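> Could you have a look at this structure, given as structure tokens, before my questions?
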Amino acid sequence: MEPAPLDRAVREISEPLRALAFDALPEAALLLDPGADAILDVNEEACALLGRDRVTLLATRISALHDAEQFPALIVFTQAVLDRGAYWSHSLAPLHASGTPLRVEYAARTLAADGRTLVLLTINDLEQRHRRHVDAAADDYIHDGLPAWQRVERMFQDIERENQLILTAAGEGIYGVNAEGKATFVNPAAERMLGWSADELVGRSIHAVMHHTHHDGRPYPDHDCPIYAAFRDGAVHTVDGEVFWRKDGKPVWVEYTSTPIRDRGGDVAGAVVVFRDVSQRRDADEKLHAALAEVDRLRERLQLENDYLQEEIRIETNPRGIIGQSEAIQTTLRQVKLVAPTTAAVLITGESGTGKELIARAIHEASTRSGRPLIRVNCAAIPRELFESEFFGHARGAFTGAVRDRIGRFELADGGTLFLDEIGEIPLELQGKLLRVLQEGNFERVGDERTRNVDVRLIAATNRDLKQEVQRGRFREDLYFRLNVFPIESVPLRERREDIPLLAQHFLASERRELKSELRLSQGDVRRLMRYDWPGNVRELQNVIERATILAQNGRLRIDLPEPSGHHPAPNAGRQKSDVRPAVMTAAELRDLERANIVAALRACGGKVFGDDGAAAMLDVKPTTLASRIKVLGITSPRARNGDPVG
């Protein structure tokens with residue numbers, strides 16, 4: 001059946017209209033043969049969008065319009081269109097003739113023609129669509145007229161007012177800078193902290209006004225400024241530990257954050273800086289660090305003091321104190337009482353072993369510094385190369401072996417007393433540094449440039465004649481006069497023999513406590529001790545008493561003293577020492593032994609009882625006591641020369 005004439009006419013008219021409609025579509029359209037990867041037809045919008053003419057596009061494969069990386073997505077999209085009949089996607093980006101990928105939306109539908117399945121593809125430019133939306137919104141505002149614009153203006157005014165309220169109420173300082181580094185706004189908190197008004201800062205280079213110098217006075221170039229760095233790298237910079245300079249020239253310690261501001265094109269247009277004053281926090285931190293450093297210093301000093309006191313305990317375990325009733329000792333005690341309350345330097349002279357350190361300790365304990373330690377330094381025991389380190393301390397690495405900081409004796413004695421024993425042994429080259437400390441009260445550790453101040457009372461002691469050492473050029477005269485403010489002489493023991501019994505009894509009491517014995521000094525022991533000259537003075541006496549307690553037998557001390565020069569033992573002394581006595585004797589045996597001992601002494605002395613060469617002196621008893629015992633024991637008419645029996 002043939003079609004009606006009207007239908008045939010409509011078909012003949014519609015074909016040209018369809019071609020015209022395809023070309024006139026406002027969107028880019030392409031007729032594709034997916035099986036052949038061919039473009040069959042394109043409209044003018046497609047040519048304009050893709051930047052190619054119609055002939056070029058018809059000669060171009062579909063896949064050639066896309067980057068090779070998009071081939072998988074193109075295949076997936078094509079398969080979806082063929083399976084579903086229609087499909088759309090934002091994931092494909094065809095290439096412009098210039099090579100630039102386009103941001104578009106693909107929408108496709110299948111067509112059946114001559115036994116083939118074709119695809120009609122429309123391409124929407126998303127950037128153009130966005131611009132149309134913006135223009136449409138603007139047209140809406142324009143169409144709404146003046147009331148709409150007034151509403152927009154009021155909205156912006158409200159936003160600006162709210163922003164201004166926020167800036168005014170903020171406790172942190174806030175200011176803005178443009179890309180040239182000039183201030184654009186300053187809030188009241190920033191004005192208060194910096195002392196500058198907003199009118200004085202706006203339009204000026206903010207760095208040159210208040211950020212031009214480091215806290216230590218070093219110049220701060222603007223190209224190093226983190227605020228300006230935000231213009232270059234577009235990153236947020238947070239900084240702590242810098243200063244802004246007030247209008248009055250005083251620094252303000254701050255921490256701040258510089259945040260870049262971008263315009264609508266994405267370019268950095270400036271920065272907003274938010275800062276706070278951290279001066280009080282920094283002061284608190286510095287005080288805390290100083291306090292911790294002081295705690296560490298005091299802990300180290302206390303440890304050294306403890307070590308020093310332990311060393312002193314090991315060196316000297318006997319009770320301390322000046323013992324004696326002689327006029328020489330009383331004079332020394334009066335001198336101690338006079339000088340102790342002062343800060344004057346004291347020079348104690350005297351032979352070794354006379355108790356110079358006891359005098360120094362007595363001065364310290366009677367002074368106002370008794371709450372601080374008495375630091376003792378034996379100058380004769382310090383190696384020459386270590387004098388300076390011992391006195392003043394050293395810094396870590398100052399010399400080989402200096403593995404840590406060390407406090408010297410002067411610093412250890414700060415607030416107390418420093419006792420320099422054997423001061424005549426100090427090397428001449430160090431005496432000048434010692435004099436400086438005494439005069440100025442400050443010094444530097446070895447290997448350290450920091451000057452330290454000390455308050456030390458100095459007591460020195462020596463067994464040398466320093467005045468003679470000065471004349472020989474071995475001791476500085478100015479140091480001698482600085483030390484010899486108040487001289488005290490420690491008298492040798494031979495010149496105060498009346499103190500020997502008290503000292504011997506004191507030392508014996510100490511030994512008795514240790515040995516838990518009841519040893520006592522006899523009168524004979526005391527007389528022997530007092531006859532000796534004691535070249536080693538009190539120290540020798542102490543050693544003799546200690547040795548006597550060790551040699552004691554049957555509860556009796558054995559005083560072992562060196563024989564004086566020119567003394568010869570009695571002829572029968574060797575025999576007496578070799579006599580064998582029973583461990584336990586009866587009263588009769590003891591009486592016979594005493595009688596035989598007295599007779600032997602009388603024979604050795606030619607029958608003489610009294611005098612230094614008499615039997616009483618040999619037996620170490622009083623002559624009257626010996627005479628009484630001779631009478632009691634019935635010893636009469638002694639003969640010493642021929643060995644005849646006596647009595």
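The values are calculated or read from the model by the stated rules, or taken from the named source; none is laboratory data. Model, not experiment: these values are computed from the prediction. Heads up, the Cβs are rebuilt from the backbone with ideal geometry, glycines too, and the neighbour counts pull from every protein chain shown. These accessible areas exclude ligands, DNA and RNA; they are computed on the full protein's heavy atoms, side chains included. Shrake-Rupley method; radii C 1.70, N 1.55, O 1.52, S 1.80 Å.
> Open to solvent by 40 Å² or more (accessible area, probe 1.4 Å), at pLDDT 90 or above and farther than 28 Å from Gln542 by Cβ: does that describe Thr342?
It is true that Thr342 is open to solvent by 40 Å² or more (accessible area, probe 1.4 Å), at pLDDT 90 or above and farther than 28 Å from Gln542 by Cβ.
> Does Leu434 satisfy being in a helix (DSSP H, G or I) and closer than 14 Å to Phe481 by Cα?
When the stated conditions are applied, Leu434 passes them.
> Kindly indicate the residue of region 498-521 that is open to solvent by 30 Å² or more (accessible area, probe 1.4 Å) and in contact (Cβ under 8 Å) with a residue 40 or more places away in the chain and also nearest to Asn543 (Cα to Cα) among those meeting that condition.
In this case the residue turns out to be His506.
Conditions (1) open to solvent by 40 Å² or more (accessible area, probe 1.4 Å); (2) more than 28 Å from Thr342 (Cα to Cα), marked per residue:
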site	(1), (2)
Glu422	no, no
Lys433	yes, no
Thr451	yes, no
Leu458	no, no
Arg472	yes, yes
Val485	yes, no
Ser490	no, no
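> Of the conditions (1) under 27 Å from Ser367 (Cβ atoms); (2) modelled with pLDDT under 85; (3) open to solvent by 10 Å² or more (accessible area, probe 1.4 Å), Gly397 fails just one. Which one is it?
Gly397 satisfies every listed condition except (1).
> Taking region 467-482, which residues are among the charged types (D, E, K, R) and part of a helix (DSSP H, G or I)?
Listed by number, the residues that qualify are Lys467, Glu469, Glu477, Asp478, Arg482.
> Can you name the condition, by its number, that Lys631 falls short on among (1) modelled with pLDDT of 80 or more; (2) open to solvent by 80 Å² or more (accessible area, probe 1.4 Å); (3) closer than 19 Å to Arg527 by Cβ?
(3)
> Answer yes or no: is there a residue in region 365-386 that is within 32 Å of the chain's Cα centre (by Cα), surrounded by 14 or more Cβ atoms within 10 Å (Cβ to Cβ), aliphatic (A, V, I, L, M) and farther than 30 Å from Leu508 by Cα.
Within region 365-386, one or more residues are within 32 Å of the chain's Cα centre (by Cα), surrounded by 14 or more Cβ atoms within 10 Å (Cβ to Cβ), aliphatic (A, V, I, L, M) and farther than 30 Å from Leu508 by Cα.
> Follow-up. Within region 253-271, take every residue that is small (Gly, Ala, Ser), within 20 Å of His237 (Cβ to Cβ) and without any contact (Cβ under 8 Å) to a residue 60 or more places away in the chain and give me the one that is least open to solvent (accessible area, probe 1.4 Å).
Ser258
> Right, here's the next one. Could you check region 272-324 and list, in sequence order, the residues that are touching a strand residue (DSSP E or B) at 6+ places or on another chain (Cβ under 8 Å), acidic (Asp, Glu) and either open to solvent by 80 Å² or more (accessible area, probe 1.4 Å) or modelled with pLDDT of 70 or more (or both)?
Answer for region 272-324, where residues must be touching a strand residue (DSSP E or B) at 6+ places or on another chain (Cβ under 8 Å), acidic (Asp, Glu) and either open to solvent by 80 Å² or more (accessible area, probe 1.4 Å) or modelled with pLDDT of 70 or more (or both): Asp277, Glu300.
> Name the pairs: first residue in region 604-626 and in contact (Cβ under 8 Å) with a residue 40 or more places away in the chain, second residue basic (Lys, Arg) and in a helix (DSSP H, G or I), Cβ to Cβ under 7 Å, at least 6 apart or on different chains?
Asp620/Arg527; Asp620/Arg528
> Considering region 435-449 alone, what residues qualify as being of a type in the set (Gly, Ala, Ser) and open to solvent by less than 50 Å² (accessible area, probe 1.4 Å)?
Gly441
> Mind checking which residues of region 192-206 are part of a helix (DSSP H, G or I) and surrounded by 18 or more Cβ atoms within 10 Å (Cβ to Cβ)?
Hits for region 192-206 are Met193, Leu194, Leu201, Ile206.
> Another question, then. I need the helices (runs of 4 or more DSSP H) fully contained in region 35-117, keeping only those with at least 3 residues that are of a type outside the set (A, V, I, L, M, F, W, C) and open to solvent by 40 Å² or more (accessible area, probe 1.4 Å).
71-84
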